[in-house]
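> First, the structure itself, so that you have it in front of you.
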Amino acid sequence: MLDLAVQIVNYKTKNYLIDCIHDVINDLKNSKLTYKILVIDNNSGENLDDLKNNYKEIINIYYNDKNNGFGAGHNLLSKKEESRYILILNPDI
């Protein structure tokens, strides 16, 4: 089981998402926590393949076929990875 699941819902915020993921990785790199970054794309139309390819060991990206909203996105992500803690982030943090 992971220590931390970092959850991010994306809807047309890829530019913020890139910085957010980079900063999360940078902030956690010297910690002893085991973690994954879970991103759900709420049918934004953005291609996130480059993020998946650049951070394949750390990130899981899921896609919705419609925008179910912020809460529903996090509820779905919370079922994807078992962890002691969940950190809910906005991509523009």
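The values are calculated or read from the model by the stated rules, or taken from the named source; none is laboratory data. From a predicted model like this one, the values you see are computed outputs, not experimental measurements. Positions of Cβ are generated from backbone atoms using ideal geometry, with glycine treated the same way; all protein chains shown enter the neighbour counts. All accessible areas refer to the heavy atoms of the entire protein, side chains included, with ligands and DNA or RNA removed. Shrake-Rupley method; radii C 1.70, N 1.55, O 1.52, S 1.80 Å.
> What is the helix-to-structure angle for 14-28, meaning the angle in degrees between its Cα long axis and the longest Cα principal axis of the chain, kept from 0 to 90 and rounded to the nearest 10?
Long axis of 14-28 versus the principal axis of the chain: about 10 degrees.
> While we're on this one: Using the heavy atoms of the protein chains and a 1.4 angstrom probe, tell me the accessible area per residue for the chain in square angstrom. Can you show the working numbers first?
Working: 5720 Å² over 93 residues.
Per-residue accessible area for the chain comes out at 61 Å².
> Assign unit charges at the C-beta atoms only (+1 for Lys and Arg, -1 for Asp and Glu), then state the dipole size of the chain relative to its Cα centre in Debye, rounded to the nearest 20. Display every interim value, and only then the final one.
Working: 11 positive and 13 negative charges, 46 e Å.
Computed charge dipole of the chain: roughly 220 debye.
> In percent, how large is the relative contact order of the chain, given Cα pairs closer than 8 Å and 6 or more residues apart? Let's see the in-between values first.
Working: 148 pairs, mean separation 45.0, N = 93.
That works out to 48 percent.
> Still on this structure, please answer the following. Among S44, N10, N60, whose Cα sits farthest toward the positive end of the charge dipole of the chain (+1 at Cβ of Lys/Arg, -1 at Cβ of Asp/Glu, about the Cα centre)?
N60
> Note the full-extension length gain between H22 and L2 as 0.36 nm times their separation in residues minus their Cα-Cα distance, in nm to one decimal. Before the final figure, lay out the partial values.
Values: separation 20, 0.36 × 20 = 7.20 nm, distance 1.95 nm.
Length difference between fully extended and current span is 5.3 nm.
> Mind checking the alpha-carbon convex hull of the chain and giving the volume per residue in Å³?
Values: hull volume 8.0 nm³, N = 93.
Looking at the chain, the number lands at 87 Å³ per residue.
> By the scheme Lys and Arg +1, Asp and Glu -1, what is the net charge of all other residues having a beta-carbon under 10 Å from that of M1? Could the numbers behind the result be given before it?
Details: positive: R84; negative: D3, E81, E82.
Counting the neighbours of M1, the net charge comes to -2.
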